[in-house]
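Derivation of every value follows stated rules applied to the coordinates shown; laboratory data play no part. Because the structure is predicted, anything quoted here is derived from the model rather than measured.
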Amino acid sequence: MKRTFLYLSILFILPLIFLGCAQNTGDNPEGDTGGDNGYGVLAPSTTQGGDGGTDALLGTWRHDNGPGDYETATFNSDGTMEYKYYVDYALDDESHGTYSASETDLYIDFISGPSYTVAYAITGSYLTIDWDGDIIEYYLID
């Protein structure tokens, strides 16, 4: 149960706390701290893969929480994914799992933790996730 709460906190709650406090200190080259269409509004995806969205997710996405604190999510073509959380530029936590996606929903199943279904959209090089009304935006880095 503690591990489930840890994953939930790391993936979705902590980024929200820092979202409003993010500063452009070099961690976020675009200076973005919110969704393309404003907070609470998830834009429809404008980039979709041929299989309903999975191809568009491929690569490594980053969300900045504050100076030196950020997270990355890497989606691989074989359906595996990796989540990493950094504090002061040092790796603090790491999780692995599998994923699949439809045009609007992303399904994540961590190997040693819980499963999640979240709404998502990809617009250009930005991945926006709607976690029960809380909008988290990642940008593509690889």
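In plain terms, the chain from S115 to N76 could stretch by 12.3 nm, reckoned as 0.36 nm per residue minus the Cα-Cα distance.
Length gained on full extension, A90 to T104: 1.8 nm, using 0.36 nm per residue less the C-alpha separation. Would you mind classifying segment 67-142 by shape? Square roots of the alpha carbon gyration tensor eigenvalues, ordered a ≥ b ≥ c; an a/c under 1.5 is rounded, otherwise it is prolate if a/b is larger than b/c and oblate if not. Oblate is the answer for segment 67-142, as a/c is 1.5 or above yet b/c matches or exceeds a/b.
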